[in-house]
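The values are calculated or read from the model by the stated rules, or taken from the named source; none is laboratory data. Everything numeric here is computed off the predicted structure, so don't read it as measured data. Here the Cβ is made from the backbone with ideal geometry for all residues, glycine too, and neighbour counts use every protein chain on show. Side chains are part of the model used for accessible areas, which takes the heavy atoms of the whole protein and leaves out ligands, DNA and RNA. Shrake-Rupley method; radii C 1.70, N 1.55, O 1.52, S 1.80 Å.
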Amino acid sequence: MSELTKILLFMVSCILSHNFIFSRFLGCCPFLGVSNKVSTAAGMGLAVTFVMTLASLFTYGVYHWLLVPLGLKYLDTISFILVIAALVQFVEMFLKKSSPSLYGALGIYLPLITTNCAVLGVAVLNVSEGYNLVYSVLNGTFGALGFMLAIVLMAGVRERLETANIPKCLRGFPASLIMASMMAVGFMGFTGLV
């Protein structure tokens, strides 16, 4: 199998079969909290994609070029959180200046990207799986695109649920949880793909 084929399969697996939301159950808080409208979900997905890509790049460098040579591998989680927090601050300032409406729509969930377990999870996963720099960045980028796919799909379903004729006891959040579980089962079908 050629290296290009391996990379393509890796990218597809990050998006579908190893989806952070439906397979690893990471990032469920923004998945359920920001998925009311497709536009807001897409904005959140783009912000998370940007942060996860850069977090994968920078945390790889911090871990392999700073912590390992100094014998400080046990400080990896704290270091990763500091890198992620700095990146989220950058994204927050950028969105506040460039798109105030999206900044307002994301609300409290934008600074919570810092504590989004999917963002920290990709950094820890890159180290635990022993990915090199290229695979670490690909894992961050395409894992985040899988997150974005999940959150945008959920937002589309939730928009449709608002006008659906469903029992009163299931309206709102209960219906969202049922749809999320059905989507997770659907994504399980991709497990044997890659």
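The residues of the range 31-78 present an accessible area of 47 Å² per residue when probed at 1.4 Å with all protein chains retained. Judged by the gyration tensor of its Cα atoms, with axes a ≥ b ≥ c, the range 1-115 is oblate; a/c meets the 1.5 cut and b/c is at least as large as a/b.
Ranking of Lys73, Lys168 by solvent-accessible surface, largest first: Lys168, Lys73 (1.4 Å probe, protein heavy atoms only, all chains present). Please give the FRET efficiency for Phe173 paired with Lys6, using the beta carbon to beta carbon distance and R0 = 45 Å, rounded to the nearest 0.05. With a Förster radius of 45 Å, E is 0.65.
Taking only protein heavy atoms into account and a 1.4 Å probe, give the accessible area per residue of the range 93-194 in Å². So the range 93-194 comes to 55 Å² accessible per residue, rounded to a whole number. For the range 38-117, which whole percent of the accessible surface, found with a 1.4 angstrom probe, sits on carbon and sulfur atoms? That fraction is 74 percent. Taking the Cα centre of the range 79-194 as origin and assigning +1 to Lys and Arg Cβ atoms and -1 to Asp and Glu Cβ atoms, the resulting dipole is close to 320 debye.
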